[in-house]
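Have a look at the structure below before the remarks.
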Amino acid sequence: MNYFKDLKEIKGDASFRKFYRKRSKNLTSIIVYASKEKFKNLLIYDAINKILITNKILAPITYHENYNKNFIEIEDFGDISIYKILKKKKIKKFVYFKKAIELLNKIQVIKNRKIKNFKKKNYIIPIYNKEIIVKEANLFCNWYLNKKLLKNEKVNFTKDFKKIIKDLTSKLMLRNDVLVHRDFHVSNLMLVKDRIGIIDSQDALIGNRAYDLASLVDDVRLQTSKSFKKRLYNFYLSKQKKINKKKFKNDFEILSVLRNLKIIGIFTRLAIRDGKVKYLKLIPHAWKLISFRIKKNNVFNDLDNLLTKNFKRELNAN
C-alpha cells in the first residue's frame, strides 16, 4: 500500500474497496483499491462501465489498471451525489428523481451484454435469476437472527422464511431482460456538471426491470413520503410504452420487500463482520419500508404473519 501514501483516502462504501483521490496538475482521478473480490471490484466494474459508456451513459472511464497490484485508476466524478443534494432544505426533489428515472430508462434499453475487459477477455453479464434473489433474501436469516431469536426459534423461523421467500420469487412475472444496476439509488448517482453519472456498477446483472425502480423509490437511505413514492412510480410507468402494469406492480412490490430484507441482513453483517456499525441506524427504515409494502398486498400474507409473530415491534414501529 506504499503506492498510496501520498494520496488522499476518501470516504468508502459498504464494499471491501478503498478509494483515493489522486491529483496531477489541474486534474484529479480516483484510485480504486481492492485486494478482496478484485475480479468483481476491478475487472467487472471496468467492464460494466465500458458497456454504459458505449451506450452514452455517464460512467467512470478507466485511465490505468494495475491488476497485479490490486487497483485501477478511474475518472473522478467529484463528491456531489444526488443524495447530498436532496438532503438540503428547499430542494425540489422530484426534479432530480425525474432525471434519475430518465437515466434508468436509458440503462434499461441497453442491448449489448458482452464487452472486453482490460485483460482483453470477454465479459458477459450474467442473469439475475431467482436462485440469486432467494440467496440474497436469506442473508436476513444468516445474520440478523442471531441476536434476535433463541436457537430453536431461529431454526423454525429460518425453515418457514426460506419456504415463503422461494414461493414469493416463483410469483415474479416479468422476464429477466434488462440491465439491472442492483444499487440504483441516489447515493450512487453523481452530479457531474449538469449531467447525472452513475457509479458502483460492479454488481450489475440482467434481470427484472422492476428491481432498480424499487431500489430508487424504496431507498433505505433517503426517507420519502408515500405520496412521493407513488408519484415516482407513476412517472416511471408514464414513460413505458409497452408494459403490463399489473405484472409490473406485482414484481415491484415483491422485489422491494426482498431487497429490504436482504439489506437488513447485509447491514447487520457489515456491523458484525466488518465493524461498520453506522449501517445499523438504517435498519429501522428498512423495516418501515417492508411494513409499508406487505400490509396492503395479499401476496405477502404468509410473510406478514411470520414477521408479525417474530418481529412485531420492528414491523410496527413508526
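Values quoted throughout were computed directly from the atomic coordinates according to the rules given, and no laboratory measurement underlies them. Just so you know, these numbers come straight off a predicted model, no measurement behind them. Cβ coordinates were reconstructed from backbone atoms using ideal geometry, including for glycine residues, and neighbour counts include every protein chain displayed.
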Compactness index (Cα Rg / 2.2 N^0.38 Å), the stretch 40-106
1.39
Cα pair distances exceeding 22 angstrom across the stretch 167-318, given as percent
44
Karplus-derived 3J(HN,Hα), 6.51/-1.76/1.60, for each residue of the stretch 240-254, Hz, glycine and proline x:
9, 6, 10, 8, 7, 5, 5, 5, 5, 4, 4, 6, 4, 6, 5
If you scale each eigenvalue of the Cα gyration tensor by 5 and take the root, what three semi-axes come out for the stretch 217-262, rounded to whole angstrom and sorted largest first?
20, 15, 7
Cα centroid distance between the stretch 80-159 and the stretch 275-318, in Å?
18
Rg(Cα) / (2.2 N^0.38 Å) computed for the stretch 86-142, rounded to two decimals
1.76
Give me a comma-separated list of calculated 3J(HN,Hα) values for the stretch 73-86, in order, Karplus coefficients 6.51, -1.76, 1.60 applied at θ = phi - 60°, integers in Hz, x for any Gly or Pro.
10, 10, 4, 9, 8, x, 10, 9, 7, 4, 4, 4, 5, 6
Under the Kirkwood approximation for Rh and a Cα-based Rg, what ratio Rg/Rh is obtained for the chain?
0.96
What ³J(HN,Hα) values, in whole Hz, does the Karplus curve 6.51 cos²θ - 1.76 cosθ + 1.60 give for the stretch 215-221 when θ = phi - 60°, with x put for Gly and Pro?
5, 6, 6, 9, 7, 5, 7
Using the alpha-carbon atoms, what tilt in degrees (0 to 90, nearest 10) does helix 301-316 show relative to the longest principal axis of the chain?
70
Give the dimensionless ratio obtained when the Cα radius of gyration of the stretch 1-143 is divided by 2.2 N^0.38 Å.
1.20
Can you list residues whose amide H is under 5 Å from Ile10's amide H, if they're 5+ apart or on another chain and H is modeled 1.01 Å from N?
Phe19, Tyr20, Arg21
Rounded to the nearest 10 degrees, the helix 45-54 long axis (Cα) sits at an angle to the longest Cα principal axis of the chain of 80
Place +1 on the Cβ of every Lys and Arg and -1 on the Cβ of every Asp and Glu in the stretch 129-230, take the dipole about the Cα centre, and give the residue among Leu168, Val220, Ile132 whose Cα lies farthest towards its positive end.
Leu168
Euclidean distance of C-alpha centroids, the stretch 39-64 and the stretch 205-268, integer Å
25
Can you give the charge dipole size of the stretch 210-318 about its Cα centre, rounded to the nearest 20 debye, using +1 on the beta carbon of Lys and Arg and -1 on the beta carbon of Asp and Glu?
340
What does the charge count around Arg313 come to, taking other residues whose C-beta lies under 13 Å from its C-beta (Lys +1, Arg +1, Asp -1, Glu -1)?
+3
